[in-house]
Amino acid sequence: MPYAVVDMTLFDARQRPLRDLRISVTDRCNFRCTYCMPKEIFGPDHAFLQRDELLSYEEITRLARIFVSQGIEKIRLTGGEPLVRRDLPALIEQLRTIPGLQDLTLTTNGSLLRQQAKRLKEAGLQRITVSLDALDDATFKRMNDVGVPVATVLDGIEAAREAGLWPIKVNAVVERGVNDAGMVDLARHFKGTGVILRFIEFMDVGTTNGWKLDRVVPLREMADRINADLPIEPAEANYRGEVAKRWRYLDGSGEIGFISSISQPFCGDCTLARLSPEGELFTCLFAARGHDFRSRLRDGSSDDDLAAYLASVWRVRDDRYSEMRTAETNAAAARVEMSHIGG
Ligand code: SAM
Ligand code: SF4
Ligand code: SF4
């Protein structure tokens, strides 16, 4: 008699399943993007995590296996810059053996891809996302703030393609007055190449990047500006919880995406958990605190204990920060308008 398939999916307090896990393997980076790790804060005196504070690859893999048994289908490695952690392919080799894991990918700034793409592919990485905010060298150097030229990242993307890491996505954070003037150039560069470019609204993550609402270029405006030169139309989402809104070029030359966490938040479909380099699980990008898995990994807890702890964290998850922020900014806008009309 066939066995019944047991669905281990965990649902949170808002009925959102746990499907995606983003694992940050390091808090270090060889860039100092002004919107992410501004130099004034992440300078020579900044206290990065020490080696023994980081989860080992064995610890990460053990947790990942437990998480997959609880419904995670997709894992993305990130950071900091994941390719600065020593021998990352060794982690990929371990993760790829996890039964039930359907998708394993990585987000990188691309600067070390030429050296590592082939080895990453051989280790079992399937596809990759590369961040590139501008095609103009001066703008890009100003944004990464360590003088890395555009050509290095483009060459890294080429190396990924040659190695067979595919599909390739490219992420560009758009900040008004910084790189928004180059959006169409970026779109034109990748149009028709099969590489999927996604523009990301500048987000108020952390407390250090000097975020202001007026620096955000909302999806609607980004789409209008691309459409004026390169006509596009909205396309259907591939699946529930897809972070990027998909649009396609009217001439059939491919698609482009927008990640609109500010103007059109997607908390209602957010199926993502984030594991920090030191083993804290965050149920929201904006959560003030994480849930400590490292001490449980190191105090002899069994796999069942860890799975039970994960379930206890996810089942009460109620986060929807971006939706609440939007409600607030809308309310603020409404107040401004009311005072304007004398209310
Ligand atoms: N270092 C890798 C990279 O840059 O691709 C991986 C880590 S990085 C934190 C992951 C993604 O977050 C990148 O695509 C980056 O552009 C994006 N990001 C960082 N700070 C952001 C912000 N304030 N608003 C929007 N996206 C941001
Ligand atoms: Fe580093 Fe990525 Fe942040 Fe830039 S966005 S500072 S590359 S972690
Ligand atoms: Fe998910 Fe939090 Fe972002 Fe909303 S704000 S989409 S809950 S990570």
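Between Arg188 and Ala311, how many nm apart are label points set 7 Å from Cα along the C-beta direction?
Label at Arg188, label at Ala311, 5.7 nm between them.
Report the residue, chosen from Thr61, Thr326, Thr193, that carries the largest GNM mean-square fluctuation when the chain is represented by alpha-carbon nodes joined by springs under 10 Å.
Among Thr61, Thr326, Thr193, the largest GNM mean-square fluctuation belongs to Thr193.
Just round it to a whole percent: the fraction of Cα-Cα distances in the stretch 170-248 exceeding 20 Å. Don't jump to the answer; show the numbers that get you there.
Values: 1046 of 3081 pairs.
Taking all Cα-Cα pairs of the stretch 170-248, the fraction more than 20 Å apart is 34 percent.
For the chain, what does the helix formula give at 222 nm: sum of -39500 (n - 2.57) over DSSP H segments with n ≥ 4, over the residue count, nearest 500 deg cm²/dmol? If you can, show how the numbers build up before the last one.
Working: 10 runs with 111 residues, N = 343.
For the chain, the value works out to -10000 deg cm²/dmol.
Take the chain, connect every pair of alpha-carbon atoms lying under 10 Å apart with a spring to form a Gaussian network, then pick out the residue of Gly43, Gly124, Gly80 with the largest mean-square fluctuation.
Highest fluctuation among the options: Gly43.
Longest span of the chain, sites excluded, free of GluC sites (Glu not before Pro) in DSSP loop with at most 11 other C-beta atoms within 10 Å?
With GluC sites (Glu not before Pro) excluded where exposed in loops, the chain gives 41-235 as its longest stretch.
Please report, largest first and rounded to whole Å, the three semi-axes of the ellipsoid equivalent to the stretch 41-111, where each semi-axis is the square root of five times an eigenvalue of the C-alpha gyration tensor.
25, 14, 11
Could you work out the relative contact order of the stretch 1-135, using alpha carbon pairs under 8 angstrom and six or more residues apart, expressed as a whole percent?
27 percent
Starting from the alpha-carbon convex hull of the stretch 142-288, give the projected area averaged over all orientations, in nm². Walk me through the numbers before you get to the answer.
Values: hull surface 41.7 nm².
Reported value for the Cα convex hull: 10.4 nm².
Over all alpha-carbon pairs of the stretch 73-135, lay out the pair-distance distribution in 5 Å bins, whole %, shortest bin first.
With 5 Å bins starting at 0, P(r) equals 4, 18, 32, 25, 13, 6, 2, 1, 0.
I need the trypsin sites (Lys or Arg not before Pro) found in the stretch 215-321, filtered to DSSP loop residues with at most 15 other beta carbons within 10 Å of theirs.
Of the trypsin sites (Lys or Arg not before Pro), the ones in loops of the stretch 215-321 whose Cβ has at most 15 other Cβ atoms within 10 Å are Arg240, Arg289.
When only C-alpha pairs under 8 Å and at least 6 residues apart count, what is the relative contact order of the chain, in percent?
Answer for the chain is 19 percent.
Lone cysteines in the chain, going by a 4.7 Å Cβ-Cβ cut-off?
Cys29, Cys267, Cys270, Cys284
Could you pull out which residues in the stretch 59-75 have an amide N less than 17 Å from a spot 7 Å beyond the Cα of Arg240, following the Cα-Cβ vector?
Counting only backbone N, you get 71-74.
Which of His291, His46 comes first, and how do the rest follow, when ranked by fewest Cβ neighbours within 10 Å?
His46, His291
Nearest 5 percent is fine: what portion of the DSSP beta bridges confined to the chain is antiparallel?
Given both bridge residues lie in the chain, the antiparallel proportion sits at roughly 30 percent.
If you average 1/r over every pair of different alpha-carbon atoms in the chain and take one over that average, what Kirkwood value in Å do you get?
Computed over the chain, the radius equals 21.3 Å.
Computed from the coordinates by the stated procedures, all read-outs in this text should not be read as laboratory data. Keep in mind that what you see is a predicted model, and the values were worked out from it rather than measured. Positions of Cβ are generated from backbone atoms using ideal geometry, with glycine treated the same way; all protein chains shown enter the neighbour counts.
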